[in-house]
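Below is one structure, written out as structure tokens, with a few remarks after it.
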Amino acid sequence: MIHKVLIANRGEIALRIIRACRELGIATVAVYSEADKDSLHVRFADEAVCIGPPSPAESYLNIPRLMAAAEITGADGIHPGYGFLAENAKFAEVVESSGINFIGPTSEMIAKMGDKIFAKNMMRAAGVPVIPGSDGGVSDEKEAVRLASSIGFPIILKAAAGGGGRGMRIVRDAAGLSKAFQSAKTEAMNAFGNPTLYMERYFENPRHIEVQLLGDGRGGVIALGERECSIQRKHQKLLEESPSPAVDEILRGKMIEASLAGARAVNYKSAGTIEFLLDPDGGFYFMEMNTRIQVEHPVTELVYGIDLLKEQIDVAGGGSLNETHSALRPRGHAIECRINAEDPYHNFRPVPGTITSFHVPGGFGIRVDTHAYAQYRVPPFYDSLLAKIISHARTRSEALNQMVRALDEFIIEGVPTTIPFHKQVLMHPEFIKGNFDTTFLETFHIQPEQ
Ligand code: MV4
């Protein structure tokens, strides 16, 4: 059992964790940087500790300061949220060795899944289909040439320590391989401190589909369907939905079986996600595993009627999954729009500043997760996510219709937001038909409204 949770995060996810703890009767400790002293997570937590100046390195990424805050408040659990230190194996290890419950998987699991080559090999051994490519790292240019000719062009080079799309190079022919290999290697070294690259066959028009997992680390594991995450820009997801318009009952069954096999093979504990690439021909392939609660978790919560944060905290405290978990069935369709303080008509440039008016939509089937309020100052130091609107209805078309209505109701003044962009996506005929892939936003050029 956990009695007091320190939330090593900020923004909407800090509030989301505080709400789950409240309902579980668990006390909460907020930590905040000097830039976040007026934030709602500070107001809503039972206690709050200022951990430093605005820069993430001196606050939300600073392990000694976080551990000091946990020690002085007597927290017996730490929730990392997403981003920041959520998938930092070193942090999880420090938390574990101080005798505090890290609300996530073990540090060992985070390290294993953080090594994308190791993760692929583990999943392949568990019988999960993985993207064809090199079985290990690509040691030098000569090996890159040899491998590419056996895989066939185009290929993609990825960083073993990367993930989420950073440090990747698409190579279309042998002539481009040498330069791409060297620059990807340098970039991987600079970004992750590890130059190791691996190679895969490159799929031109994939969909990005992920399966939500929950494990108790005692052999209990469930898969809560898939999320369609293909609407993204520069590896930032903008809109997610569940179920995917591209997944039928048969494919869903196969993706769930593969995900369960993967999770069981590692005796997974906590909430986690397996990311798949779905080829237009219907083949699906493991890409990577995320060992955190994700931004888009609410679409799964609404479709499956389960509070994933409460479950994640419960299994961290030693709780087991039971027959009520195995009996969960999907109902209807949910869609999430991420509302960022960004100008979608100027390259999604983040625009910090003061929100002068703020009115949140509501009504049937609408949930809004936000830390913003009227007069809130959006700081320039962090991610620009302001709010998530999630709509849930019996059918996809009703959920889309409700979402358009909610976007129309949302009043945010003082900073530009991605609201008008979302309305344009939701009204696009190919999006409405469910006919899109990860290249959708590159081909669909949005225009400022008249
Ligand atoms: C791929 C791919 C095609 N083929 N892997 C990996 C991380 C994820 N966020 C994007 N990733 C991709 N991996 C293979 N073998 C296509 C993507 C991909 C992508 C790649 C380059 C530039 C933009 C992209 C947008 C979505 C997906």
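General remarks:
- Counting only protein heavy atoms and a 1.4 Å probe, the chain has 41 square angstrom of accessible area per residue.
- Cβ-placed point charges (K, R +1; D, E -1), dipole of the chain about Cα centre in debye, nearest 20: 300 debye
- Spacing of the two label points (7 Å from each Cα toward its C-beta) at T354 and R377, in nm: 0.9 nm
- Selection from A191, G165, L251, by position along the positive dipole direction of segment 164-260 (Cβ): A191
- The GluC sites (Glu not before Pro) found in segment 146-247 that occupy coil by DSSP, while having at most 12 further C-beta atoms within 10 Å, are E204.
- FRET efficiency estimate (nearest 0.05) - Cβ-Cβ, I72 to A327, R0 51 angstrom: 0.75
- Each peptide in 425-435, 372-382 gets a packing score, the mean of other Cβ atoms within 10 Å over its residues, and the list from highest to lowest is 372-382, 425-435.
- For the chain, the relative contact order comes to 14 percent (Cα pairs under 8 Å, sequence separation of at least 6).
- Computed helical MRE - 222 nm, the chain, DSSP H runs ≥ 4 contributing -39500 (n - 2.57), nearest 500: -10000 deg cm²/dmol
- Cα gyration tensor shape for the chain, rounded if a/c is under 1.5, else prolate or oblate: rounded
- In the chain, the DSSP beta bridges split such that about 80 percent are antiparallel, to the nearest 5.
- Overall, segment 4-85 carries a charge dipole of about 160 debye about its Cα centre when +1 sits on the Cβ of Lys and Arg and -1 on the Cβ of Asp and Glu, all other atoms neutral.
- Simple Cβ-charge dipole of segment 304-450, Lys/Arg +1 and Asp/Glu -1, about Cα centre, in debye nearest 20: 260 debye
- In terms of its C-alpha gyration tensor, segment 363-450 has an oblate overall shape, because the principal axis ratio a/c (a ≥ b ≥ c, square roots of the eigenvalues) is not below 1.5 and a/b does not outweigh b/c.
- Alpha-carbon centroid distance for the pair segment 14-41 / segment 425-439, whole angstrom: 36 Å
- Rolling a 1.4 angstrom probe over the chain with all protein chains present gives an accessible area of which 52% lies on carbon and sulfur atoms.
- Cα gyration tensor shape of segment 132-201, rounded if a/c is under 1.5, else prolate or oblate by comparing a/b with b/c: prolate
- Comparing Cα centroids, segment 195-224 and segment 150-190 end up 20 angstrom apart.
- Highest-first packing order for the peptide set 259-265, 170-176 is 259-265, 170-176, based on the mean count of other beta carbon atoms within 10 Å.
The values are calculated or read from the model by the stated rules, or taken from the named source; none is laboratory data. Predicted model, so just to flag it, every value in this text is computed and none were measured. No Cβ is skipped: glycine too gets one built from the backbone with ideal geometry, and neighbour counts run over all protein chains shown. Just the protein is used for accessible areas: all its heavy atoms, side chains included, with ligands, DNA and RNA removed. Shrake-Rupley method; radii C 1.70, N 1.55, O 1.52, S 1.80 Å.
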